[in-house]
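Below is one structure, written out as structure tokens; comments come after it.
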Amino acid sequence: MIIDAISMKNFQCYFGEHSENFLQFGRGVNLILGNNGGGKSKLFDAFYWVIYDQVFQSDDRQFIATSVYQDKLISDKAKLRCGEGESVSAEVVIHVTDSQAHRYRITRIYRAKKAADRQWLPDKKSTLLIEQIKNNSAQALPTNKYEPILERVLPGHLKPYMWFQGEQVDSLMDFKNRSSLMQTVNLLSEIAQYDRLIEIATSGEK
């Protein structure tokens, strides 16, 4: 799967409508640059949340499920502007294309209702919707098709390498242990497997 675009509505620091928080990606490598606090990690969270229903909590260095994180997913500014008795939602949409040029729109939504000032009635879970785009119209797919599509967007065996935040590095390194640096390099690059491939190729040549 190729990720073509992502848009966010009131997702964490991304306040506003999808049209205001829309990123179109080009073919090949795309670089996301920004100052500290500019929203790079929250963009990471947006991708991860759509696929896994979790976000990374940097303070605790762990992934938190939506059912635990709840209305903290929703932009503070959006919640401030929400009136009592009204609902507000955090939404993320990813547009992808597979190798057969089939296009899909993957949407995750989480809603909360404002019961009183600083008191929220959040949904117990988020809602996931996957649609196939045909002739510029969207056709909702049955839920039994969801998992295979999500797996194709981000294959499980690539997960540790594709979705890795800098805040997690310190949990991998223990410099009291002399071998920790090599262990970290092996974990991030699988260099040991590369060495093994060299051995196999050399043996095969002989």
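Based only on Cα atoms, what mean projected area does the convex hull of the range 84-156 have, in nm²?
If you wrap the Cα atoms of the range 84-156 in a convex hull and average its projections, you get 6.5 nm².
Using modelled backbone amide H atoms (1.01 Å from N, in-plane), which distant-in-sequence or interchain residues come within less than 5 Å of His102's amide H?
Residues meeting the criterion, in which the H sits 1.01 Å from N, do not exist here.
Local charge sum around Ser137 (other residues, Cβ-Cβ under 12 Å, Lys/Arg +1, Asp/Glu -1)?
Every neighbour counted, the sum reads +2.
Considering the zone a paramagnetic label at Thr97 would reach in this model (a point 7 Å from Cα along the Cα-to-Cβ line), which residues of the range 10-31 have amide N under 12 Å from it?
Of the residues in the range 10-31, 25-28 have backbone N under 12 Å from the label point off Thr97.
Mean separation of Cα pairs under 8 Å and 6+ residues apart, divided by the residue count of the chain: what relative contact order is that in percent?
Value for the chain: 18 percent.
Would you pull out the residues with amide H under 5 Å of Trp120's amide H, same chain only if 5 or more places away, H placed 1.01 Å from N?
Placed amide hydrogens put Ala115 under 5 Å from Trp120.
Where the centre of each part is set by its Cα atoms, how far does the range 1-67 sit from the range 71-121, in angstrom?
A separation of 13 Å, based on Cα centres.
Given Tyr48, Ala101, Leu129, which one lies farthest toward the positive end of the charge dipole of the chain, if we put +1 on the Cβ of every Lys and Arg and -1 on the Cβ of every Asp and Glu?
Sorting the options by dipole projection puts first Leu129.
Just from its helices, what would the mean residue ellipticity at 222 nm be for the chain, if runs of 4 or more DSSP H residues each count -39500 (n - 2.57) and the sum is divided by every residue, rounded to the nearest 500 deg cm²/dmol?
Counting only the DSSP helices, I get -8000 deg cm²/dmol.
Using packing as a proxy for protection, rank 26-39, 108-121, 2-15 so that the peptide with the highest average count of other Cβ atoms within 10 Å comes first.
Ranked by mean Cβ neighbours within 10 Å, highest first: 2-15, 108-121, 26-39.
Calculated from the structure, mean projected area of the Cα convex hull in nm² equals which of (1) 16.4; (2) 15.2; (3) 11.3?
Only one listed value fits the structure, namely (1).
How high is the relative contact order of the range 1-116, given as a whole-number percent (alpha carbon pairs under 8 Å, six or more residues apart)?
This gives 32 percent for the range 1-116.
If you place +1 on the Cβ of every Lys and Arg, -1 on the Cβ of every Asp and Glu, and leave all else neutral, what size is the dipole of the chain about its Cα centre, to the nearest 20 Debye?
340
Only four residue types carry charge here, +1 at the Cβ of Lys and Arg and -1 at the Cβ of Asp and Glu. Report the dipole size of the range 31-134 about the Cα centre in Debye, rounded to the nearest 20.
With only Lys, Arg, Asp and Glu charged at Cβ, the dipole is about 160 debye.
What are the residues whose amide H is under 5 Å from the amide H of Gln12, where those residues sit 5 or more places off or on another chain and H is modelled from the backbone?
Hits under the 5 Å cutoff: Ile74, Ser75.
Ranking request for peptides 139-150, 80-91: highest mean number of other beta-carbon atoms within 10 Å first, then the rest in descending order.
Top of the packing list down: 80-91, 139-150.
Quick note: the coordinates plus some simple rules give every number you see, no bench work behind them. Because the structure is predicted, anything quoted here is derived from the model rather than measured. Virtual Cβ from ideal backbone geometry, glycine too; neighbours counted across all protein chains shown.
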